Amino acid sequence: MKKNILYAFITLCLVITSCSKDEPDHVHEHELITTMTITLTPSDASGSVTLQTQDLDGDGPNAPDVTVSGNLKSGVLYNGAIVLLNETESPAENVTMEIEEEDKEHQFFFTVGSGLDITTEYLNFDSDGNPLGTKFSLIARSAGNGLMTVTLRHEPKKPNSGLEDAGGGTDLEASFNVTVE
Amino acid sequence: MIKKIIVLLFLLSNITYSQNCNYTFSGKVIDLHDGSPLIGAIIISSNSDVLVQTDINGNFNITNLCEKTYVFNVSHPSCESRTYDIKISKNISKNLILEHHIEELNEVSVFGKSNDEKSKTLIENKISVETIDNYNSGSLGDILKNISGISSFNTGNTIIKPIINGLHSSRVVIINKGVKMEDQEWGTEHAPNIDINSIESLKLVKGAGLLEYSGDAIGGIIIAEASKVEKKDSLYGKTILSNSTNGRGSTISSRLTKTYSNGWYGSIQTTYKRYGDFESADYVLSNTGTQEKNFSFRSGMDKYTHGFELYISNFDNETGILKASHLHSAQEQLRGINSSKPLIIDNFTYDINAPKQTYTHTLARFKGYKFYNNFGKLNFQYDFQRNRRFEYDIRRSAYKNLPSIDLNLKTHSVKFDLLSSLSSNLNLKIGILGRYQNNYPNPRTGVKRIIPDYDKFDLGFYSILDYLLNNNLTIESGVRFDYTHMDVFKFYNVSLWNSRNYDKKYSNLVLEEYNNQILINSKLNFSNLSATIGTRYNLKNNSKILFNYSLASRVPNPSELFSEGLHHSAARIELGDLSFKSELGHKLTFTYSYDGKKTSLSINPYANLIDNFILIEPTTIQQTIRGSFQVWEYRQTNAQLLGLDFDLKYKVNQKFNLENQFSLVKGYDVTLDEALINMPPVSIKNQIIYNNSKSNNLKLSFQSEYVFKQNEFPNNDFTVFIPQTERFELVELSTPPKAYQLLNFNSSIDLNIFKKTKMNLTFRINNLLNTSYRNYLNRLRYYSHELGRNFTLNIKFNY
């Protein structure tokens, strides 16, 4: 009696364990933003300046690589354009279009540190006429050095009076060490 | 067995009639389950004037019997009565067997009076059916808090995990209708997937001593059972409707049971629950609504000598997570913590939006038993569980309606056990268990999987021996061995894999590399030993002393081993460790209990020393493109939990009762010489109860609950750079909230308006004074206060 039970049990265990297993599929993290490139094109002949943050390992241990290609010139009006990429995919996915399609649910914010005398203005807006910010203008009125922080909020309150009351969730935040000559 | 009796009866009946009234019939009345003698059982004959009672050893001796067939009715307060037809034609000796029914528990008893004890040397805490019915709109965690030493770890107000003497999640084993729940209990924001309306008997043991269920219950075991059905032709049911003002919702649950005198029975039960946003004392807790749809079915046959039962249940829940708690970075965390109320407060709604969880737990269980003469009771059980869990975050564009977490956990278990009475005072229980589990995290989420794909195999053996040395002293001992094999496939970030030196230690596990990710296959084996030994000594004056030592071993769970990445709902990066060993807990429990006419009390000090205790704590701050995140890493240490639970009941007179509960637990990380995180603060509960059984069983009670501030905690505060202020600011995550006191009112009355239907009304006010408070053991305590005042009206029909 006992023996039979034991045999039955062992058989059952073997049946259960004998199923083979496939390797799991690799997840494509389409939503990920790894890279933000801000190109500042001057209205005069001086060269354009690129601000970039790149975090290829997402929430992995490596910190984002933040670069500023050069110094800004005071008194010059710059046209800013933001491009967001997901470089974990090849070819890299352009996420900017997604953000522009869902313009009502997104907004970029520009926070200028105290060492800088920079003002920004939104150049593109959602269908309700509230700012989006993938296109903007920037002017530095005097020389200086400090941090300029760019934040992308998802589902902020719109309209708002700035980051303080915008709420929503941060999709992106990068601080650039900017020098104005 | 039955055949033998028939043959015996047949032989006996052939003896010729002659009126001789000198025969004796003697024997013992014993318990069907463990063969223990039943003291004070009454044997009465319906066709003569025999009336005897069993003595202290369960023996009876009926003299002066004539030669005829007697009909003896055998009864015992805690058993189902049974009738025996005994043909007397000579002196006979025979044991009469009774089976105890599970008392339809009428009161909250924390003094383990039942004969149906799971452990002989650990106090069992029971929750009455009345209390379960009363809380039918709540959760398992809500109900269990009525027991001293039990608190809960909450995520908001609907996701509630029981804490037993300071421990929770994987360290608390839940046995639901004999099945060990496999419902992804590892996560602190994963509530037990049980409909409390499917439970008719609820017990809790604050220790690992119940080796027949598991060897890894370092915290304790919760046992939820269905009630025993009576063997008679009957159809009965129960319907409870509960309405609450807070959450503006209702719960309705119904159960219908059909029983037959031949032992067959069937029962169906269903629950529907719907609540909108709950409210704190001052504001709406936006997106905290919940919805639940459950059913269960049970059918079987129960003869005294054999029986079987099929049980099927489905639990389906959707719960919103406080919208203001869904944060994306440490900067946002700071914003949330510094705000005196949630950052998002919308108008009340029944809608449940992301962030939210939905989960479905399906359970199917078949069990059977058979008694073998001189051998014992053999039990067999097979069960299947499927746990589907989805977590929805606030996502972008095409992924809006896709869950971020999609898990499918399937478990099959097979179990045999044998209960045998080796002699009248020595019982042996042995068993063998096999389990197969598969977890499938669906890649369609487009989010990196935190919990990996895995197959897990468990094989366990156990043996439990209890020995009644004399009437006052019982010794119990048990030993269990468990073997666990895990076969895991997991993707890691290459950068993380290398930063933890896994590329050197575990390079042999790597299967493939994709871009920035690496696929590994890890095969882990654990061999665990668990054991228990204890004694119970009954003292003369209605008091007893219990002492128990239990050794429990727990295999690290998948989240502790493999977590790697951003845990969105906690706004932190969590990292497991592949090298973890099993946790080993030594728990010493001492209980003194006294059960007098006016006073009952129980004092229960304990010490739980845990080697390789796995805890998670913050180590560093990590920069990502989304902002800064605190990194929480699991590590193993040696921990020590010391505590005391105290219960006192005093009967002032026929109508008034006073009750007091006190719980204290201190947790230390011995290795680092600091306090353990998330230990329940000291709490005191006092209750005054008025009960007038003459006027419709009217009950009124006032309860005060005082929870102290937790003064012992590790400091995990950190600073983060805020661009707006251009300063590093302190994120105060560690500081526990202030002490608070809550007042609750409860009233209940029975109304017999209908002939066959009993009606019971209960009216309850929780947080009577609408106190605004925060709870240290709520993960969302930084972002919102606890619930405000709540009026609940329950209407119950028993028919």
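Please treat every number below as a calculation from the coordinates, not as lab data. No experiment lies behind these values; they were computed from the predicted model shown. So basically every Cβ, Gly included, is an ideal-geometry build from the backbone, and we count neighbours across all protein chains shown.
Checking the Cα-Cα distances for B:LYS448/B:LYS490; B:LYS126/B:LYS709; B:LYS126/B:LYS544 against a 21 Å cut-off, the pairs over it are B:LYS126/B:LYS709.
For B:LYS90, the lysines whose Cα comes closer than 26 Å to its Cα, not counting residues fewer than 8 places off in the same chain, are B:LYS3, B:LYS4, B:LYS28, B:LYS68. Excluding same-chain neighbours fewer than eight residues apart, the aspartates and glutamates reachable from B:LYS273 by a Cα-Cα span under 17 Å are B:ASP133, B:ASP142, B:ASP195, B:GLU292, B:ASP316, B:GLU318, B:ASP351.
Taking each DSSP H run with n ≥ 4 as -39500 (n - 2.57) and averaging over every residue of chain B yields -1500 deg cm²/dmol at 222 nm. Which of the lysines could be linked to A:LYS104 by a straight reach, that is with a Cα gap under 27 Å, when you skip same-chain ones fewer than 8 residues away? Within the straight-line limit of under 27 Å, A:LYS104 reaches these lysines: A:LYS135, A:LYS157, A:LYS158, B:LYS323, B:LYS341, B:LYS356, B:LYS400.
Of all DSSP-defined beta bridges confined to the protein assembly as shown, some 95% are antiparallel rather than parallel. Rounded to the nearest whole Hz, the Karplus-based 3J(HN,Hα) values (6.51 cos²θ - 1.76 cosθ + 1.60, θ = phi - 60°) of region B:591-601 follow the sequence 9, 10, 9, 10, 10, x, 5, 9, 10, 10, 8, with x at glycine and proline. Can you give the log10 of the normalised intensity I(q)/I(0) at q = 0.04, 0.05, 0.09, 0.10 Å⁻¹, computed with Debye over equal Cα scatterers of the protein assembly as shown? These q points yield log10 I(q)/I(0) values of -0.24, -0.36, -1.04, -1.24.
The simple Förster model, with R0 at 30 Å and r as the Cβ-Cβ distance, assigns A:THR119 and B:SER339 a FRET efficiency of 0.55. Modelled label positions at B:SER81 and B:LEU310, each set 7 Å beyond Cα in the direction of Cβ, lie 3.5 nm from each other. Between amide H atoms placed 1.01 Å from N, distances below 5 Å from B:ASN778 occur with B:ASN154, all of them 5 or more places distant or on a separate chain. Available extension along the chain between B:SER26 and B:ASN353 is 110.7 nm, counting 0.36 nm per residue and deducting the alpha carbon span.
How about chain B: what cysteines have no other cysteine beta carbon under 4.7 Å from their own? Result for chain B is B:CYS79, no neighbouring Cys Cβ within the cutoff. Cβ-to-Cβ counts within 10 Å put B:LYS544, B:LYS68, B:LYS505 in ascending order as B:LYS505, B:LYS68, B:LYS544, the fewest first. Under 19 Å from the 7 Å Cα→Cβ point of B:TYR799, by amide nitrogen: which residues of region B:237-262? Within reach of a label on B:TYR799: B:237-243, B:251-259. Hey, which of these cross-link pairs are over 24 Å Cα-Cα: B:LYS118/B:LYS655; B:LYS228/B:LYS796; B:LYS120/B:LYS206? Distance filter (> 24 Å) returns B:LYS118/B:LYS655.
Of the residues A:LEU85, A:GLY133, A:ALA174, the one whose Cα sits farthest toward the positive end of the charge dipole of chain A, with +1 on the Cβ of Lys and Arg and -1 on the Cβ of Asp and Glu, is A:ALA174. Sorted fewest first by neighbouring Cβ atoms within 10 angstrom, B:GLU674, B:GLU583 come out as B:GLU674, B:GLU583.
Note on A:GLU164 and B:LYS400: their simple-model spin labels are 3.2 nm apart, each label 7 Å out from Cα toward Cβ. Assign one of three labels to region A:30-180, namely rounded, prolate or oblate, based on the Cα gyration tensor with a ≥ b ≥ c the square roots of its eigenvalues; rounded applies when a/c is under 1.5, prolate when it is not and a/b is larger than b/c, and oblate otherwise. Taking the square roots of the gyration eigenvalues as a ≥ b ≥ c, region A:30-180 is oblate. Based on DSSP H segments of at least four residues, each scored -39500 (n - 2.57), chain A has a per-residue ellipticity at 222 nm of -4000 deg cm²/dmol.
Rounded to two decimals, the Cα-based Rg/Rh of chain B, with Kirkwood Rh, is 1.00. Each of B:ILE56 and B:THR757 was given a label point 7 Å from its Cα along the Cα-to-Cβ line. The distance between the two points is 5.2 nm.
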